[in-house]
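To keep things clear, I will list the structure first and then write my remarks on it.
The values are calculated or read from the model by the stated rules, or taken from the named source; none is laboratory data. Quantities reported herein were computed from a predicted structural model and do not represent experimental measurements. Don't worry about glycine lacking a Cβ; one is built from the backbone with ideal geometry, like all the others, and counts go over all protein chains shown.
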Amino acid sequence: MRSMRWRGLVNAFWTVICGLGVVFAVVPLASLLWLVVSRGAAGLTPSFFVSLPAPVGEPGGGVGNAIAGTFLLVGLASVVALPVGIGAGVFLAEKGDGKAGALVRFTTEVLSGVPSIVVGIVAYGLAVVPMKRFSALAGGLALALLMVPTLARATEEFVRLVPRALREASLALGVPAWRTSLLVVLRTAAGGIITAVLLAVARAAGETAPLLFTSLNNQYWNFRPDQPTASLTVQIFNYAISPYEDWHAKAWTAALVLLILVGGLNLLARILARNKMMEGSR
Amino acid sequence: MTPAPESAVRDNLEPAEAKVERPAARSSASSSPVLPARPAVAPPRPGTPSSTVAGEQPKLTIEHLNAWYGSNHALHDVSLVVPPRSVTAAIGPSGCGKSTFLRCLNRMHELVPGGRAEGKLLLDGKDLLGREVDPVVLRRRVGMVFQRPNPFPTMSVRDNVAAGLKLNGAKGSHDEIVERTLRQAALWDEVKDRLDASALSLSGGQQQRLCIARALAVEPEVLLMDEPASALDPIATAKIEDLIHELKAKYTIVIVTHNMQQAARVSDQTAFFYMGDLVEVGPTERIFTNPDQQRTEDYVTGKFG
């Protein structure tokens, strides 16, 4: 048997290694936050949230239309992706043991592995080419294609967590299977599914590549699904690759806005998930 | 099965075992070297009322019921009759088919992939295994209480009781039914001040009585209970057993239990299952004091199981 001293040394060594791991994980996140906040906070005025972009050299201006555009795009994507994704997830959990289930599961796996730029090209082919114009609809379609697989898998996980006993309790009361799935199983899994929806929405809101040639961009307000639309991510991209100093500053501020938006959604999802967990452990 | 509580049954059985000198002329091949042989008796013929309650049309008539889970033949040729407003207990060791038998009675066996049943299952004389019978409608007539209390965690006490109505789309206030069934389930006094609390805030025994109230709210005729007290402490168990006694006045009850004393206390008729066979069915007192079959005697005296 080795001495206590040796064991103490081994313990200290691994504690340091683990500590370093934590530092390497936290430092990039902290520096990213610091960089975005320090460079972006200066431009963060109320008017930045509601104004249209100003031309180069002009003071003021904002990303109001891009924020609205992001909400429009994510909203359109959600309208398509939520029913499809959640429906597929419920199907996989309840009836997914057969061949059809295996096919759907395989499809969602493949779809979740497709790079987002490829999804953008698909949406371009499906929506932009036939409509002969860039549109919010095409962008929403691209985002929806990205949301469906994650939603389906997460919904399946949460629906599978619903105890069999609850299904049986409902069925034994003479409640038809479809009402049981909808009113008992989905309702019991609702907390988890809402968390999954928020995370999927947050992820979609942060996508740039699939929007570049679908929703394109727009210097003005747009609330029509059939028109090109600005979005925070594409706006940040355009500002960042421009040669102008004041646009660079705006890119940082817009990035901060996007971070707040996405971070807020993630935080909300975590709070909901925690409440759900506490509810379950009571 | 723990040996300790069995002393009560053993004591009960003293007189039976004293009848050792009974003529063993018709002793069967299954005689054991330890216990005196009993005359082998053929299983009850289909349609023959096996209960002491005579003259009434049986609530449930089971004839040659076989059940499978995939290729596993879980229940072999079971025939028995359940009289109305009586308690029938199904006893037997784990995996003996008693739960499968119970689940066939409201076609819950179909929920397990590969689960199927053949034979005749008559409810008031009508076959309930028929293809034209909607299991959803059947389950409103034949309710079920499960081994572990399973109230709906997202619903209040009140909504749990009314769940069978609400989930089927019945609108409006169900307060009257909620109060009546909670009283029937001997739970009203304990929960009347917290009907809007989460069902999970109740104790295990209260949750199980809530589940009984929930089953009663859809006004079934038959109540199936799958080891309803096995997850409960002795006091809560006693309450459930008292409740079964009261419910018998109105409902036909079939209860599966691991606990032989419980079967002896609550039932009028006892069916002993072993390895998927219905070994013996008869009036509870006889099954526990003077069974026909050696295997039944060995089981109720605690020789195995």
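Quick notes on this structure:
- Flag if B:L122 is surrounded by 20 or more Cβ atoms within 10 Å (Cβ to Cβ), closer than 24 Å to B:E227 by Cα, more than 8 Å from chain A (Cβ to nearest Cβ) and in contact with a strand residue (DSSP E or B) (Cβ under 6 Å, 6 or more places away or on another chain): no
- For the stretch B:79-117, the set of residues classified as away from chain A (no Cβ under 14 Å) and farther than 26 Å from B:L247 by Cα consists of B:P93, B:S94, B:G95, B:C96, B:R116, B:A117, listed by residue number.
- Residue in the stretch A:169-181 that is within 10 Å of chain B (Cβ to nearest Cβ) and at positive phi present: yes
- Restricting the stretch B:197-208 to residues that are under 19 Å from B:A238 (Cα atoms) and either part of a helix (DSSP H, G or I) or out of contact with any helix residue (DSSP H, G or I) (no Cβ under 8 Å at 6 or more places or on another chain) (or both) leaves a set whose member that is farthest from the other protein chains (Cβ to nearest Cβ) is B:G205.
- Only one of A:A154, A:A142 that is modelled with pLDDT of 95 or more and either within 15 Å of the chain's Cα centre (by Cα) or within 14 Å of chain B (Cβ to nearest Cβ) (or both): A:A142
- Looking only at the stretch B:134-151, residues that are free of Cβ contacts under 8 Å to residues at least 12 places away in the same chain and either more than 13 Å from chain A (Cβ to nearest Cβ) or not in a helix (DSSP H, G or I) (or both) come to 1 in all.
Let's see how each residue does on (1) farther than 30 Å from B:T61 by Cα; (2) touching a Ser or Thr at 6+ places or on another chain (Cβ under 8 Å); (3) at pLDDT below 90:
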| position | (1), (2), (3) |
| --- | --- |
| B:H174 | yes, no, no |
| B:E179 | yes, no, no |
| B:E190 | yes, no, no |
| B:R194 | yes, yes, no |
| B:R214 | no, yes, no |
| B:L223 | no, yes, no |
| B:A229 | no, yes, no |
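- Residue selected from the stretch B:209-258 under the condition more than 14 Å from chain A (Cβ to nearest Cβ) and of a type in the set (G, A, S), by the criterion farthest from the chain's Cα centre (by Cα): B:A236
- All of A:V16, A:V63, A:V26, A:V90 fail the test of being within 30 Å of A:E156 (Cα to Cα) and among the β-branched types (V, I, T), apart from A:V90.
- Any hit, the stretch B:152-175, residues being within 12 Å of chain A (Cβ to nearest Cβ) and aromatic (F, W, Y): yes
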